[in-house]
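Worksheet for the structure shown next.
The values are calculated or read from the model by the stated rules, or taken from the named source; none is laboratory data. Just so it is clear, the model here is predicted, and its values are computed rather than measured. Ideal geometry is used to build each Cβ from the backbone, glycine not excepted, and the neighbour counts take in all protein chains shown. The area values use the complete protein model at the heavy-atom level, side chains included, leaving out ligands, DNA and RNA. Shrake-Rupley method; radii C 1.70, N 1.55, O 1.52, S 1.80 Å.
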Amino acid sequence: MSILNADLHCHSVVSDGTLTPEELAARAAANGVQLWALTDHDEIKGQQRAAAAAHAHGMKYLTGTEISVTFADETVHIIGLGFNPDDASMLQGLTETRGGRGARAMEMSEQLAKVGIKDAYEGALKYVGNPELISRTHFARFLVETGVCKETSEVFRKYLTEGKPGYVPHRWASLKAAVQWITQAGGMAVIAHPARYRFTANEEFALFSEFKAHGGQGVEVVTGSHTAAEYVRYAETAREFGLAASRGSDFHSPGESHVDLGQLPFLPGELTPVWEVLADRIQ
Ligand code: AMP
Ligand code: MN
Ligand code: MN
Ligand code: MN
C-alpha cells in the first residue's frame, strides 16, 4: 500500500499555481501518478475539472484543498482530502477564509510602495487566475517580472516574510474550525509540510496534540518541502501521534517548483498511508 505513486498536494490557476487542472492532470499522469489530489489554497472550485481530467488519464482521484490556519501566531496549512465538495459548512468556511485576501493584498501593495515598488497590486493581479484568491505568490511573480528579484524564493526572503517590507500579518481560520470543516464533510485533515513552521518543540507538540484532539488524522511525511532527514523525523512523529502519512509534491509551476508531480520517494513502509484510511473516498 505504501508503494503507490500518490501525489496529494499541488496547486492550479484556481489558487497560486500556473497550470490549469487539466494541464496538471496530464503532467501528473505523464510522471506516473496513480492517485492524485488537487489541493488549491482555501478553494475547491477546480475539483470537478480535476477529477474529470484525472479519470480521463486513468488516475484515481481524491478531493483536496489546503486551508490556511493561524496557530500560535504562525500560519499553518491543513490539507483536506476525500471530503464532500458540496458540503455547506466546508464551502462557507472556505469562503470566509478567502475573504480577507483582497484587503491584505492592497495593504501589501501599500507597504511595497513605501520601499519604492509601485503598483504591485495591479501587477500581482495580472497573475491571478481566481479573483478571490490573490496570494503572496502572485506578488512574487510580479517582482520577478519587473527585475526586483531573480526568482520567487528571493522575493519571499527579501520582501514577503515576517519582518520584511511587504509582509502583512493576517489571521486565518482556527485549527479547530479547519479540521472540523474537513472531517464533518467526510474527509481527512492532514498537517501540511510540518518542517516548514518555525515552532519550538513545545509549540510543535501542541500543534500535533490539538490537531489530534480536534479529529485530525494525517500528516505529510514525504513532501517537496522536506529534506530526507525530515522524512525520517516526521515518520517518527506520525507513529508517535498515531497519524496516517501523506505524500505530495506541492507542485506550483514548471519554472518555480523544484519537485515535479509524482517525483518523490515512496512513503516509508511501516506507516499507514492516508489512502488506506480513505479507501472508500477514492473516486
Ligand atoms: P499566502 O497564502 O498568500 O500567504 O501565500 C503562501 C504561498 O506562498 C505558499 O503556499 C507558497 O506557494 C508560497 N511561498 C511561501 N513561502 C515561500 C518561499 N519561501 N518561497 C517560495 N514560495 C513561497
Ligand atoms: Mn502556494
Ligand atoms: Mn503550504
Ligand atoms: Mn501547497
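Here are some residues: Leu207, Leu261, Leu271, Leu243. Which one is farther than 20 Å from Leu38 by Cβ, crowded, with 21+ Cβ neighbours inside 10 Å and in contact with a Ser or Thr (Cβ under 7 Å, 6 or more places away or on another chain)?
Going through Leu207, Leu261, Leu271, Leu243 in turn, just one is farther than 20 Å from Leu38 by Cβ, crowded, with 21+ Cβ neighbours inside 10 Å and in contact with a Ser or Thr (Cβ under 7 Å, 6 or more places away or on another chain): Leu271.
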Notebook entry, point to check: For the range 30-42, how many residues meet the condition of being more than 13 Å from the chain's Cα centre (by Cα) and either within 12 Å of ligand 4 (Cβ to nearest atom) or open to solvent by 30 Å² or more (accessible area, probe 1.4 Å) (or both)?
Noted result: 4
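Return yes when Ala51 is over 17 Å from the mean Cα position of the chain (by Cα), of a type outside the set (Ser, Thr, Tyr) and not in a loop (DSSP other than H, G, I, E, B) and no when it is not. Lay out the reasoning, then the answer.
Details: over 17 Å from the mean Cα position of the chain (by Cα): yes; of a type outside the set (Ser, Thr, Tyr): yes; not in a loop (DSSP other than H, G, I, E, B): yes.
Yes, satisfied.
Can you tell me which residue is nearest to ligand 2 (Cβ to nearest atom) among those in the range 143-194 that are in a loop (DSSP other than H, G, I, E, B) and among the polar types (S, T, N, Q)?
Kept after step one, since they are in a loop (DSSP other than H, G, I, E, B), are these residues of the range 143-194: 146-151, 161-172, 174, 185-187, 192-193.
Applying the additional criterion that residues be among the polar types (S, T, N, Q) yields 146, 161, 174.
Working: Thr146: 21, Thr161: 14, Ser174: 21 Å.
Among residues in the range 143-194 that are in a loop (DSSP other than H, G, I, E, B) and among the polar types (S, T, N, Q), the one nearest to ligand 2 (Cβ to nearest atom) is Thr161.
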Notebook entry, point to check: How many residues does the range 4-27 hold that are of a type in the set (A, V, I, L, M) and away from ligand 4 (no atom under 15 Å from the Cβ)?
Noted result: 4
Item checked: Pair list, Cβ < 8 Å and 6+ apart or interchain, from the range 63-77 residues that are closer than 12 Å to Val190 by Cα and within 12 Å of ligand 1 (Cβ to nearest atom) to residues that are of a type in the set (Asp, Glu) and not in a loop (DSSP other than H, G, I, E, B) -> His77/Glu66
Notebook entry, point to check: For Gln180, are the conditions met, namely being open to solvent by 40 Å² or more (accessible area, probe 1.4 Å) and closer than 16 Å to Val69 by Cα?
Noted result: yes
Checklist line | Where Lys164 falls short, out of the listed (1) within 19 Å of the chain's Cα centre (by Cα); (2) more than 16 Å from ligand 3 (Cβ to nearest atom); (3) of a type in the set (D, E, K, R); (4) farther than 16 Å from Glu43 by Cβ | finding: (1)
Check: Can you pull out the residues in the range 88-110 that are charged (D, E, K, R) and either part of a strand (DSSP E or B) or open to solvent by 30 Å² or more (accessible area, probe 1.4 Å) (or both)?
Finding: Glu96, Glu107, Glu110
Note to self: Being more than 16 Å from ligand 3 (Cβ to nearest atom) and open to solvent by less than 10 Å² (accessible area, probe 1.4 Å) is the filter here; which residues of the range 188-204 pass it?
What the structure shows: Met188
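Residue-wise test of (1) closer than 21 Å to Thr137 by Cβ; (2) open to solvent by 10 Å² or more (accessible area, probe 1.4 Å); (3) touching an Asp or Glu at 6+ places or on another chain (Cβ under 7 Å).
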position	(1), (2), (3)
Ala50	yes, no, no
His57	no, yes, no
Ile67	yes, no, yes
Ile79	yes, no, yes
Note to self: Checking the structure you have, find out if any residue of the range 21-31 is small (Gly, Ala, Ser) and in contact with an Asp or Glu (Cβ under 8 Å, 6 or more places away or on another chain).
What the structure shows: yes
